[in-house]
Amino acid sequence: MFTLGNHKLMHLSTYGLALFFILLPFEYPLAAIGTQSVLMLVGVATMGLAVLDLIVAQRVRIQLNYRVVIPVVWLVYAGVSTAWCQYQAAFSEFYMMYLRNCLMFILISMISFTRKEVEIIKKSATLGVGLLLLYMTFIPGATRYSSYQHRLQLVAGNANLDENYLAAILLIGFGSMVCWIINNKKAKIYQKMVAISYCAGCVYYIFATGSRSGLIAGIIMLIVLLAGNIKKNTLIVLIVGLLFVIVYPYFITLLPAELAERYSLAALTGKTAESSPRIMIWTGLLSRLKGIRVLVGFGAGSASPITREVYRFNAAAHSFYIAHILELGVVGFVLFISLIVRMSIKLLRTQELGCFAILLGVMVIGFFLDLLTTKFFWSAMMLATVCISASDRETVDNADV
């Protein structure tokens, strides 16, 4: 904590994190502007500010906890896996991405944030998604629809952001805003209207992306948030449930035929031509796990080349869980999952339902997407760790009183 006279200043890394979350939804459009990723540069700058915070703290408020130790051990293990990795080019590419993202998480986890700082970071994440909603709605050429299945895409130069990734980013704002609505029932009418419009925009665009994983994750997040205080939210639960039963079938009929087909029962269960390849990939990848490979995996970065061997086309594993076991085996997978489980339990104990719902939603999406290289996954992880940090700080401060 920096001080100036009798006034306390926030950690410098708070400002970096706030900017990082605001720019997160615009990572790909911004990257298309120049040769360097703006979000990556902001991330590096935030890491530098975090190091400065830790130096100034002089170890008084440095946290050496499971959120630091487990990721460090995981990174070392992933690095050592180069010894048995058969795909060294892929290892060099992917391990460096793992290293950068995880190192930022570790540095942030070492800082003891205040509750005020956490609120600023949360609001920045919500603001970032809000700006994205405005950008997609009012800026000409910000989005386009794919020629196949008419799925909404965020334009990034000559390319576009993956539709499922776009849905995942929207869920970060959706979870934060739903949590705000539930916890601020005495808010002014205009505030409620803005918040409801915000959530409606997220839902609309998630549907428009054709992301079934995003829709499933959003529903689970909503259930978790409403169940947090089921007695007070009974009426809301009934209304939401009734609206879903009535509106969903009607809403689907308004979508283009190809897009609506993605939300059919056959598509959701992998029985259509466009969804069955994912099951083929999973089956092929799991068939490669034999003997010692089940325990230690094929090495960091191996999922991508092995998927090409199995599917015979350039494709992703489309599952964080399968890809993780394939690369680092049960050892690396259990190590990483133990971190997420412990963080989740802590979030539940401290009533940080909003952050818990966001992290849970991202992990649900992980059943259908790769996560370790994505900024939205590590953003959810950092959002969770700053909430836990503030809670731990309050516990220590109260004990000192």
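General remarks:
- Anchor Lys116: aspartates and glutamates whose Cα lies under 20 Å away (excluding residues fewer than 8 positions away in-chain): Asp53, Glu352, Asp392, Glu394, Asp397, Asp400
- The chain, accessible surface, carbon-and-sulfur percent (1.4 angstrom probe): 68
- FRET efficiency, Val51 to Ala257 (Cβ-Cβ, R0 56 Å, nearest 0.05): 0.55
- Radius ratio Rg over Rh of segment 293-379, counting only Cα atoms, Kirkwood formula for Rh: 1.04
- Label-zone membership for segment 119-155, site Ser264, 7 angstrom Cα→C-beta point, backbone N under 18 Å: 148-151
- Distance between the modelled labels on Gln351 and Ala227, one decimal in nanometres: 2.0 nm (7 Å Cα→Cβ projection).
- If you plug the beta carbon distance of Ile33 and Leu131 into 1/(1 + (r/R0)^6) with R0 = 22 Å, you get a FRET efficiency near 0.85.
- Across the chain, the convex hull enclosing all Cα atoms gives 169 Å³ per residue.
- In a reduced charge model with +1 at each Lys and Arg Cβ and -1 at each Asp and Glu Cβ, the chain shows a dipole moment near 680 debye about its Cα centre.
- Sites matching trypsin sites (Lys or Arg not before Pro) across segment 313-401 that sit in DSSP coil, with at most 10 neighbouring C-beta atoms within 10 Å: none
- Solvent exposure of the chain as accessible area per residue, Å², 1.4 Å probe: 47
- Globularity index of segment 104-236, i.e. its alpha-carbon radius of gyration over 2.2 N^0.38 Å: 1.17
- The chymotrypsin sites (Phe, Trp or Tyr not before Pro) found in segment 113-151 that occupy coil by DSSP, while having at most 11 further C-beta atoms within 10 Å, are Tyr148.
- Taken along the Cα-to-beta-carbon direction at a fixed 7 Å, the label points for Tyr66 and Tyr250 span 4.7 nm.
- Fully extending the segment from Val341 to Asn184 would add 53.7 nm, taking 0.36 nm per residue of separation and subtracting the current Cα-Cα distance.
- Remark: spin-label model distance Leu238-Val294 equals 5.0 nm, labels positioned 7 Å along the Cα→Cβ axis.
The values are calculated or read from the model by the stated rules, or taken from the named source; none is laboratory data. Keep in mind that what you see is a predicted model, and the values were worked out from it rather than measured. Here Cβ is always computed from backbone atoms with ideal geometry, including for glycine, and neighbour counts include all displayed protein chains. Ligands, DNA and RNA are stripped out before the accessible areas are found, and what is left, the full protein with its side chains, is counted by its heavy atoms. Shrake-Rupley method; radii C 1.70, N 1.55, O 1.52, S 1.80 Å.
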